[in-house]
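Heads up, the thing below is written out as structure tokens.
The values are calculated or read from the model by the stated rules, or taken from the named source; none is laboratory data. Here the structure is a predicted model, which means the values were calculated and not measured. Note that each Cβ is placed from the backbone with ideal geometry, even for glycine, and that neighbours are counted across all protein chains shown.
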Amino acid sequence: MFDELRNRVVFVSGAGSGIGAGIVDAFLAEGATVIGADLTLPAGVHQIAEREWAVNLDVSDEHAVEEVLDAITDRIGTIDVAVTAAGTSTLGFATETTGSDWDRNLDVNAKGSFLIARGVSRRLLEQERTGRIVFIASQAGKNGYRGMTAYVASKHAVLGVTKTMAVELAPHGITVNAICPGIIETPMKHRERVEGGAIRGMSAEEVAAEDRSQVPLGRTGTVHDVAGVALFLASDLASYMTGQGLNVTGGMTMH
Ligand SMILES: NC(=O)c1ccc[n+]([C@@H]2O[C@H](COP(=O)([O-])OP(=O)(O)OC[C@H]3O[C@@H](n4cnc5c(N)ncnc54)[C@H](O)[C@@H]3O)[C@@H](O)[C@H]2O)c1
């Protein structure tokens, strides 16, 4: 679909599940070289196919992020595109949210995404290369949602980083954008329906029905809905876009 993505080197965090896994598949199908990183992958940096690498990484660990990016630079040479899909969420009303809930959401979703974007863009600057940063934020970066204080705060932070890095990196030809998914069918969404339903006195099935009823397009999203927009943002078609938070929500969020 996007010939220019052939042979681009793409780093995807959260590659072990859900949206990140879908994005890995989408870039591989375009002929890109893809490094998938996740907490759940075996230790080390492994080549698992001609154009596919797997890396164990805790994105919230600053030292580990730098080590992994150095190892990839040594072995592959460069990273052209970074997509940050690693994420976590804690369900609980604001009055029940603990400091450790707060830290976990901010550490993984906000700091973890930032550390990857910083590391990849630093190396692009050193190599005098252009590139693309694509954050997976959320419509929770634009709205408030009951029972998701720490998560909502972390996603607002990601959109703040998107705009700031976009301005700083624009003169160097590095674009920085975010995707704001709505309700996407993944293991995280299933867990949220179970845990969120429990604190609201609803079953996961009732929450799923409520979810569907809130989407103007009449269905919840798939990882393919998000992956297609990640390809677009990495492609030449999006070369005049930076600092944006693109909603992929079936019409739930329109601002
Ligand atoms: N599913 C949705 O409805 C939805 C909506 C909006 C935004 N998002 C965002 O999309 C991203 C992906 O979510 P998903 O629904 O695919 O969830 P998921 O749970 O299916 O996948 C998340 C992946 O991130 C990995 N991960 C978690 N903490 C990590 C860490 N510290 N270091 C490295 N990897 C880590 C997990 O192991 C997992 O493989 C998240 O940032 C999430 O907030 C999801």
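Some observations on this one:
- Region 183-204 - residue that is among the acidic types (Asp, Glu) and in a helix (DSSP H, G or I) and, of those, nearest to residue 83 (Cα to Cα): 192
- Unique residue being assigned to a strand (DSSP E or B), surrounded by 16 or more Cβ atoms within 10 Å (Cβ to Cβ) and either within 13 Å of the ligand (Cβ to nearest atom) or aromatic (Phe, Trp, Tyr) (or both) when the list is 24, 12: 12
- All conditions in (1) within 15 Å of residue 8 (Cα to Cα); (2) within 16 Å of the ligand (Cβ to nearest atom); (3) surrounded by fewer than 20 Cβ atoms within 10 Å (Cβ to Cβ) hold for residue 104, with the sole exception of (1).
- Residue within region 136-143 that is surrounded by fewer than 18 Cβ atoms within 10 Å (Cβ to Cβ) and either more than 16 Å from the chain's Cα centre (by Cα) or farther than 23 Å from residue 55 by Cβ (or both) present: yes
- Evaluating residue 180 against the criteria (1) in a helix (DSSP H, G or I); (2) at pLDDT 95 or above leaves one unmet condition, (1).
- Lone qualifier among 208, 157 - being touching a residue at least 40 places away in the same chain (Cβ under 8 Å), surrounded by 16 or more Cβ atoms within 10 Å (Cβ to Cβ) and either assigned to a helix (DSSP H, G or I) or aliphatic (A, V, I, L, M) (or both): 157
- Region 43-98, residues that are modelled with pLDDT under 95, within 16 Å of the ligand (Cβ to nearest atom) and either assigned to a loop (DSSP other than H, G, I, E, B) or among the basic types (Lys, Arg) (or both): 43, 44, 90, 91
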